[in-house]
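One structure is given here, and the rest of the page talks about it.
The values are calculated or read from the model by the stated rules, or taken from the named source; none is laboratory data. No experiment lies behind these values; they were computed from the predicted model shown. Positions of Cβ are generated from backbone atoms using ideal geometry, with glycine treated the same way; all protein chains shown enter the neighbour counts. The accessibility values were calculated without ligands, DNA or RNA, using every heavy atom of the protein model including side chains. Shrake-Rupley method; radii C 1.70, N 1.55, O 1.52, S 1.80 Å.
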Amino acid sequence: MEEQEIYDPLANKSTLVIYMIQSGDKWVEINSDELAIGNQMVRNLRLSYDHRPIHKRGVKIGERLTYHVRQEGSPWNTYKVVPSEWAIARVTHYEPSDLEELPEFRGITIAYCVRQPLSPEEVDAMSYEIVSKVSVDSFGGDEEAYQKFLTSEQSKGYVRG
């Protein structure tokens, strides 16, 4: 049996993900710089666009929202990923029945979140760093330029020999 490729007119469209507070019609006050700026009354915690391949898209119940803190003092793009107190409790996904219904997106996912505070120890245990990797490809394949960069960074103490 010969496999046939199925045309997907929405393959290049992202999924809009809306993270909302699961408090019925109530607005919730957030007094934190974590997800909102300052002291605000909010219902939506965050919007994001999922551009991953379709089979990898998805928001999971129990998953926590995170925020990224840029690590200063390093030439590398280093971020610490820290969990928030908001966890996903329910997920609803909508896909258009025709292409005209939602022309910008493949679908919309609404993730309803509940506040589940963490202890400082839990936050530390769940936090991790993301460090950008610099490779010879970052220099267009120029091995000499890459080696000069590594030597320069090593002299500054950023790269271990």
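Taking the range 95-134 as the search range and keeping residues that are charged (D, E, K, R) and assigned to a strand (DSSP E or B), which one is nearest to residue 55 (Cα to Cα)?
106
Out of (1) under 15 Å from residue 17 (Cβ atoms); (2) modelled with pLDDT of 90 or more, what's the single condition that is false for residue 57?
Failing condition for residue 57: (2).
Would you point out which residue out of 145, 125 is touching a helix residue (DSSP H, G or I) at 6+ places or on another chain (Cβ under 8 Å) and either over 21 Å from residue 22 (Cα atoms) or at pLDDT below 90 (or both)?
145
Scan the range 79-115 for residues that are open to solvent by 30 Å² or more (accessible area, probe 1.4 Å) and within 23 Å of residue 129 (Cβ to Cβ) and report the count.
3
In the range 45-73, which residues are outside any strand (DSSP E or B) and surrounded by 13 or more Cβ atoms within 10 Å (Cβ to Cβ)?
54, 57, 58, 59, 63, 71
So which residues in the range 135-146 are in a loop (DSSP other than H, G, I, E, B) and not charged (D, E, K, R), if there are any at all?
Answer for the range 135-146, where residues must be in a loop (DSSP other than H, G, I, E, B) and not charged (D, E, K, R): 135, 140, 141.
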